[in-house]
């Protein structure tokens, strides 16, 4: 529970440039499936460490998990 609170606070801080509605949707998606987002973060970091740019690594990982995003967003 405390971990979720910290995660939400960190997300709010990182997403402060986004409109409130977008920020809320992202936080809600992470709240529904935090394990998925931890996996995404880990895999993205691995690709960056292997020499890919942040943008390239992020695009690959987001494409890989696009179906999971759609499931979360629909619910």
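Data for the structure
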| read-out | value |
| --- | --- |
| Any hit, segment 33-43, residues being assigned to a helix (DSSP H, G or I), modelled with pLDDT of 95 or more and surrounded by 11 or more Cβ atoms within 10 Å (Cβ to Cβ) | yes |
| So residue 27, is it closer than 25 Å to residue 75 by Cα, under 12 Å from the mean Cα position of the chain (by Cα) and touching a residue at least 24 places away in the same chain (Cβ under 8 Å) | no |
| Failed item, numbered, when residue 16 is tested on (1) more than 23 Å from residue 2 (Cβ to Cβ); (2) touching a helix residue (DSSP H, G or I) at 6+ places or on another chain (Cβ under 8 Å) | (1) |
| Single match in 56, 60 (criterion: under 15 Å from the mean Cα position of the chain (by Cα), modelled with pLDDT of 95 or more and assigned to a helix (DSSP H, G or I)) | 60 |
| Members of segment 11-32 that are over 19 Å from residue 70 (Cβ atoms) and surrounded by 11 or more Cβ atoms within 10 Å (Cβ to Cβ) | 11, 12, 14, 15, 18, 23 |
| Single condition residue 58 does not satisfy, out of (1) surrounded by 15 or more Cβ atoms within 10 Å (Cβ to Cβ); (2) on the phi > 0 side of the Ramachandran plot | (2) |
| Of residues in segment 10-24 being in a helix (DSSP H, G or I) and under 14 Å from the mean Cα position of the chain (by Cα), the one farthest from residue 57 (Cα to Cα) | 24 |
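The values are calculated or read from the model by the stated rules, or taken from the named source; none is laboratory data. Everything numeric in this text was worked out from a predicted model, so none of it was measured. Every residue, glycine as well, gets a Cβ built from its backbone with ideal geometry; the counts of neighbours run over all protein chains shown.
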